[in-house]
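*Asks:* Can you keep this structure in mind? I'll have questions shortly.
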Amino acid sequence: MNTSTVQAIGPLYHGTRKAAARTILRDGFRRSRSRSYTGTGICLSESLTVAYEYGMYETGGCVLEAWLSPATHWTDRVDGRCTQGNAWDAYFVSSGMDAVRSFSGNVWVVWRPNALVSVRRLSHREAIRSLCAEFDADGPDCGYNGVVSDYASIWWKQDASDPNLTRFPDHHRRLIERLKRFIGRSHSMEV
C-alpha cells in the first residue's frame, strides 16, 4: 500500500536515552550516521512496548511520541526486496518513499526526518499507562523483552513464576510501586 492520508499518522514511538531525547526535541530527528539493520533511517514503532525496551525510564531512558505528516509517502510493501542494512537506504533512494511500515507496524523506518511533524516526550506515568493498556490489548500470552517483560509478568499475576522477579525482589518491589503510583493498581482487571 503506497499511500498518504488526510490525518497525521501515529502515534509512533521511539525509545532512547534522556540525553538523546533532549537533542531530538531541540533539533529534531536526524538519520543515523552509522547503519543498523534498517540502514540509516529513523526507527519508530506503533507499539509503545517495543519503544519502551529501548527507552527504559528505569535506566535513564524515555519514550518519544511522534506523528508523521499526512503528506508522507509511505508503504507497507517493499516488493519482496531484501531489506537489511544498505538495502533499506537504497530502497528509499530508488523509491522516493518517505517511510516504510514494516514487521506489522513494530518498525516504521522514516527516511525523511521532516516528515515527522510532531514529537513530544512521554512522562513516565503516560508511558506506564500506555504500556498496561497494550498488555490488556495483547493478552497474557504475549512475550516481551527487558523490563517490559517484568511489568507484564506483574500485570498478569505471573510474577511468582518469573525468575527475573523472584531472583531480584527489590527490582520486583520497585516495579509494583510504580504500577500502583501510576495506574492505581499492580494487576490487570482482567485477571
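A short reminder: the numbers here are calculations on the coordinates, not readings from a lab. It should be emphasised that the depicted structure is a prediction, and the values quoted were computed from it without experimental measurement. With ideal geometry, Cβ positions are generated from the backbone for all residues, glycine too; neighbour counts draw on all protein chains shown.
*Asks:* Quick one: net charge of R173's neighbours, Cβ under 11 Å, K/R +1, D/E -1?
*Replies:* Within the 11 Å Cβ shell, the charges total 0.
*Asks:* Moving to a separate point now. Give the residue from I24, T40, C62 lying farthest towards the positive end of the charge dipole for the chain; charges sit on Cβ (+1 for Lys and Arg, -1 for Asp and Glu) and the dipole is referred to the Cα centre.
*Replies:* It is I24, whose Cα lies furthest towards the positive end.
*Asks:* Same structure again: Send over the semi-axes of the chain's equivalent ellipsoid, whole angstrom and largest first, taken as the square roots of 5 times the C-alpha gyration tensor eigenvalues.
*Replies:* Computed over the chain, the values are 33, 17, 16 Å.
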